[in-house]
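All remarks here apply to the structure that follows.
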Amino acid sequence: MLEFTHRIPLARRAVLGLLATPALMTRRARAAETCVVGTWGGDYARLLKENIDDPILKSADINVIQDVGDETPRYTKMVAQHALPRGTMDIACFGAVNGYRAMQAGLSEPLDETKVPNLKHVLPDLRSGAFVPHIYSAQVIVYNPELVTDPPKSFGDLLDPKWKGKIGMVSTVAPWVLMGASLLESSTTTDFDKAKAFMLKLNANGLRLYPETDSLAPAFKSGEIDVGVIWLARSFMWHNAGFPVKGQFPSEGAILYVSGMVVPKNSPNKPAAFKYMNALLEPSAQQGFAAHMGYLPTVDDAPLSGNVGEQLALPEPRPKLVTPDYAVISKSMSDLNDWWLKNIQRS
């Protein structure tokens, strides 16, 4: 083949090259429509592929590449690459706290409905400029309904001696639990002095800490703990996996956890990134995540039905859902985690 090609006269090679150029350019243009998504792994990455990447973006000729890793290194990478003309990510997945930090630091592309039309469907309380909310859940009190007939109605009820040694939490949830305690003690999410005082009392009541979220489920099943604090979405997954848990919204209000995405300002392919953002807000994508992970849709046009709708329906009267003060919590995270480590986790 090489010898045959070499014998083609120069003029003829030039003509063939010119004829082939449009096709090559078309193929290259399609190949360039790539979107690199910095994301968590596991179920989240799989559900992105199953609900967004394959069913929505493939037909739009967008090839999605997942850059899987933890959130803190992803934020650090975004900061480190900010001065470069082109970064390595088109989308960065963050919890709302780091999403807020990225916006405040000028790392993320401002977004509006001209770039992402489906933003018009985002619930008003979840809108925040450059950070697009993907899914959300509420921090609730979970309990074993086979053993607990009168579950705690608020964080304050956890201080009852009858729960001594039977309360479980994940060791990494310090800021969220402290915000919940602050809400109980002062009706705000930022009175951390009162929240710390409450947590010291709760710790004295036999608080049990577990290294990761899924460690709580076996503890419920074995009867090691009867009550705990976790996201409603996780209790949904445990219930469907056969673990005896049910969620109770705290009467003082439930802190919201929001997971979403930003487009780095130096995204190498912003048009593809905007299409990705729009796709994650499509009703089918939102409903897919709800069905498999129990997180609630962040848009107003993705109703849930059947068993999923029944399990995730908010109770009546409607519970108070509280968005954290991201400006305060983003500056306080380090101090709160440090206090928790010294006074709760190591105590």
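Compute the accessible area per residue over the chain, keeping the other protein chains in place, probe 1.4 Å, unit Å².
Value returned for the chain: 47 Å² of accessible area per residue.
Helix by helix, which DSSP H runs in the chain go 27 Å or more along their axis at the Cα atoms and have an average Kyte-Doolittle hydropathy of 0.0 or more?
Long hydrophobic helices here: 10-32.
So, with a 1.4 angstrom probe, what is the percent of accessible area on the range 231-283 that is carbon and sulfur?
Whole-percent figure for carbon plus sulfur exposure: 52.
Kindly provide the helix-only [θ] at 222 nm of the chain, computed as the sum of -39,500 (n - 2.57) over DSSP H runs of four or more divided by all residues, to the nearest 500 deg cm²/dmol?
-12500 deg cm²/dmol
Need one number: the % of Cα-Cα pairs in the range 224-312 sitting beyond the 20 Å mark.
48 percent
Any idea which of 296, 274, 122 is furthest toward the positive side of the dipole for the chain, if Lys and Arg beta-carbons carry +1 and Asp and Glu beta-carbons -1?
The listed residue farthest towards the positive side: 274.
Can you tell me the dipole magnitude for the chain around its Cα centre, using point charges on the Cβ only (Lys, Arg +1; Asp, Glu -1), in Debye to the nearest 20?
Dipole of the chain, to the nearest 20 debye: 1100 debye.
Going through the cross-link list 58/275; 275/320; 166/320; 77/265, which pairs have a Cα-Cα distance over 23 Å in this structure?
With Cα atoms farther than 23 Å apart: 275/320; 166/320.
Where Rh denotes the Kirkwood radius from the mean inverse Cα pair distance, what is Rg over Rh for the chain?
So for the chain, dividing Rg by the Kirkwood Rh gives 1.09.
Between the range 114-141 and the range 187-213, how many Å separate their Cα centres?
Between the Cα centre of the range 114-141 and that of the range 187-213, the gap is 28 Å.
The values are calculated or read from the model by the stated rules, or taken from the named source; none is laboratory data. Just so we're clear, the structure is a prediction, and the values are computed from it rather than from any experiment. Note that each Cβ is placed from the backbone with ideal geometry, even for glycine, and that neighbours are counted across all protein chains shown. Side chains included, ligands, DNA and RNA excluded: accessible areas come from the protein's heavy atoms. Shrake-Rupley method; radii C 1.70, N 1.55, O 1.52, S 1.80 Å.
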